[in-house]
Amino acid sequence: MMKGINTDVLVIGGGAGGMAAALSAAREKSDVILLERENSTGGVLNQCIHNGFGLHFYKEELTGPEFADKLFNEMTLDRVNIISESYVSEVDVENKTVRVLSPDGAYEIYAKAIVIATGARERPFGALMIPGDRPSGIYTAGLAQRFVNLENRLPGKRALILGSGDIGLIMARRLVLEGMKVEAVVERMPFPGGLLRNIVQCLEDYNIPLYLSHTVTKTVGRGRLEKVEVSEVDENYNPIPGTEKIYDVDTLILSAGLIPQVEDISDSLQLDRVNKGYAVSNSCETNIDGIYAAGNNVAVFDLVDYVAAEGWVAGRHAALKSKGGENNTEKYPVIRGKNVSILVPSYIDFNESLRLYLRISKPIEHGRVILKELNIEKKFVDGVPSEMIQMVLNKKKMELIREKGGLFVEVVEDE
Amino acid sequence: MNRKITCVMCPVGCRITVEMNGDEPVISGNRCTRGRQYVIDELIKPKRVLTTSVKVEDGDLPLVSVKTSGPIEKKIIMDKMKEIKKKTVGAPVKIGEIIIENIDGNGVDLLATRKVKKIHK
Ligand SMILES: Cc1cc2nc3c(=O)[nH]c(=O)nc-3n(C[C@H](O)[C@H](O)[C@H](O)COP(=O)(O)OP(=O)(O)OC[C@H]3O[C@@H](n4cnc5c(N)ncnc54)[C@H](O)[C@@H]3O)c2cc1C
Ligand code: SF4
């Protein structure tokens, strides 16, 4: 066992959220260590070779690897101590002690403040409970993306994609470009899970049909996948008998969504019931003093720019905390009203401006986000759950929250 | 004629409306000027930025990710993919390095979007 190491700020996870946190903490002149379990930083950005990253954060449009490289270079210049191939198996949140497993053995790090930025993982096949055989040829979209974009391997010849989340849509196009036939994308919900722009540029551009309110009802194959049965579903998502259709495919790609990665680390950290990630304040602090979280382990964000912005806030406050500078005893709840699903933050403190992120729970053509306590409304048109709505409020506007004891967020539908 | 076109040039994904006033398209709903150009191209000659990867020899990674330096005509994309698949580059590769010059015949290059280190065997 190696001896313990001390640092001001420790960041767990080297994706966009963790890199931004490490960088901003270093800019506050703190000693920063960043731990990443893979052999390089970047997280999902490494395999997202398409463009559409960084318009807000870097004011230019980048591909995932380019965005990751920029943050990496800045971290190196600002002397962040990056330790890769280091897996954090546990965090003792009260004593701010982190247990690390690495090829050099197990060791501990003591930090004055910690930022957890472990990202999200894919919902696995088992969770979908599809009847039938369990042959090879069934992959999650992220795994297929890794094969194709990092390892130069194609998953098969003909594919069907289940789930219309962005990773599924992007993979549909990617597989066609690499010479595979993509029969269709099927989606259980009556609306797509991914961004409209991805429906246009990934499916419509390549004539790939999208079947809404449909799901896979059976997988068939000995050894390798041979057939997939697709059925239409009713409003309760139950398959409608007689609507079955068979596709001869050797590959089934699952894009069933991401889930914040919150296991393992600690049982003492509070989660948000709907976001399924860490419940944090607008300073990105969890329920435990000096423990911060940012990125897809708080809620699944659709833009890397949001993740990086939140990481930046988390890193800065962790740095201030490590210098004994901040006390967040005063916290008020943010409460979900109707038509709101994902909602960040869960609490409001007064150390930071308020960046509110929300997803509506169903498509709404004309709607308004209402912050009753603050007398603020934000109108939107053609709202869909796949596109997060962001609102930014300065500290002055936030004062009323203190008077009212919290903030209620609801979305109303207009005619 | 009144058409709604989703701009794909950035993740904002503006829903842009085009109305024809005689021969003049009247464009609204774009949050920046790139959206206007996108819609005009979309009506006449649709274009896209292509991102894919190219094989690397002696690299610490088997592939280098690449992008076109600007949008290229949609209808040539599948042909260009064939050309790109035949290509192999030697490590090291720098970000921004030109992998195929003037890939569309209109001055758009294919550029590396990540660095690949050389490994010595
Ligand atoms: C397919 C896909 C397409 C996308 N397309 C776009 C787009 O076009 N534009 C855009 O702006 N955004 C896009 N996004 C969203 C954006 O890229 C992500 O939301 C963002 O990069 C997530 O960053 P993160 O740091 O939260 O998580 P991650 O990138 O997942 O990083 C988490 C890191 O933590 C490490 N880690 C986890 N647990 C541990 C542990 N216990 N110990 C040590 N290390 C650990 C992981 O190895 C990983 O490197 C896309 C996302 C995906 C998946
Ligand atoms: S019009 Fe401008 S802001 Fe809107 S999607 Fe297109 S590029 Fe983005």
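Since every read-out is calculated from the coordinates, none of them should be taken as a lab result. Source: prediction; values computed, not measured. Virtual Cβ from ideal backbone geometry, glycine too; neighbours counted across all protein chains shown.
When A:48, B:32 are ordered from fewest to most other Cβ atoms inside 10 Å of their Cβ, what list results? By the 10 Å Cβ count, ascending, the order reads B:32, A:48.
Apply the a/c threshold of 1.5 to the C-alpha gyration tensor of the stretch B:51-112 and tell me whether it is rounded, prolate or oblate. Prolate, because a/c is 1.5 or more and a/b exceeds b/c. Quick one: Cα centre-to-centre distance for the stretch A:212-267 and the stretch A:41-102, in angstrom? Measuring centre to centre over Cα atoms gives 32 Å. Each other residue within a Cβ distance under 13 Å of residue A:305 adds +1 if Lys or Arg and -1 if Asp or Glu, for a net charge of -1. May I ask you to work out the translational diffusion coefficient for chain B at 25 °C, viscosity 0.890 mPa s, via Stokes-Einstein with Rh from the Kirkwood sum over Cα pairs, reported in whole µm²/s? D = 151 µm²/s.
Using a Förster distance of 35 Å, how high is the FRET efficiency between residue B:4 and residue B:106, based on the Cβ-Cβ distance and rounded to 0.05?
0.80
Qualifying trypsin sites (Lys or Arg not before Pro) in the stretch A:305-378, where qualification requires a DSSP coil assignment and no more than 15 other C-beta atoms within 10 Å, comprise A:323, A:338. Counted residue by residue at 0.36 nm each, then reduced by the alpha carbon distance between them, the extension gain from residue A:206 to residue A:380 reaches 59.6 nm.
With a Förster radius of 25 Å applied to the beta-carbon distance between residue B:85 and residue A:146, the computed FRET efficiency rounds to 0.85. Compute the Cα gyration tensor for the stretch A:124-256, then decide on rounded, prolate or oblate, letting a ≥ b ≥ c be the square roots of its eigenvalues: rounded whenever a/c is under 1.5, prolate when a/b is larger than b/c in the other cases, and oblate in all that remain. It is oblate, given that a/c is not under 1.5 and a/b is not larger than b/c. Taking Cα centroids, how far is the stretch B:1-40 from the stretch B:65-101 in Å? The distance from the Cα centre of the stretch B:1-40 to that of the stretch B:65-101 comes to 28 Å.
The overall shape of the protein assembly as shown, judged from the alpha-carbon gyration tensor, is rounded, with an a/c ratio under 1.5.
The mean count of C-beta atoms from other chains within 10 Å of the C-beta of residues in B:3-16, rounded to a whole number, is 6.
Taking every alpha-carbon pair under 8 Å whose residues sit at least 6 apart, the stretch A:124-256 reaches a relative contact order of 33 percent. The simple spin-label model puts a point 7 Å past each Cα toward its Cβ; for residue B:69 and residue B:33 those points are separated by 2.1 nm. Note on residue A:106 and residue A:410: their simple-model spin labels are 5.1 nm apart, each label 7 Å out from Cα toward Cβ. The fraction of all Cα pairs in the stretch A:259-413 landing in successive 5 Å bins from 0 to the largest distance is 2, 9, 20, 22, 21, 16, 7, 3, 1, 0, given as whole percents. Leaving out same-chain residues fewer than 8 places away, which lysines sit with a Cα under 24 Å from that of residue A:395? Cross-link targets: A:321, A:323, A:331, A:372, A:378, A:379, A:404.
Our estimate of slack between residue A:268 and residue A:29, defined as 0.36 nm per intervening residue step minus the Cα-Cα distance, is 83.1 nm. Using the Cβ of residue A:275 as centre and a radius below 11 Å, the other residues enclosed give a net charge of +3, where K and R count +1 and D and E count -1. DSSP beta bridges confined to the stretch B:51-112 are antiparallel in about 75 percent of cases.
Within the P(r) computed for the stretch B:2-44, what percentage of the Cα pairs occupies the region above 17 Å?
Working: 166 of 903 pairs.
In whole percent, the share of Cα-Cα pairs in the stretch B:2-44 beyond 17 Å is 18.
In this structure, residue B:118 and residue A:181 have a Cβ-Cβ separation that, at R0 = 45 Å, corresponds to a calculated FRET efficiency of about 0.80.
Taking label positions 7 Å along the Cα-Cβ direction at both residue A:40 and residue A:391, the computed distance is 4.1 nm, reported to one decimal.
Of A:317, A:366, A:56, how do they rank once you tally other Cβ atoms within 10 Å and put the fewest first?
So the ranking, lowest neighbour count to highest, is A:366, A:56, A:317.
When A:31, A:267 are sorted by how many other C-beta atoms sit within 10 angstrom of their C-beta, beginning with the fewest, the order is A:267, A:31. Electrostatic tally near residue A:91: other residues with Cβ closer than 11 Å to its Cβ, Lys and Arg +1, Asp and Glu -1, net -4.
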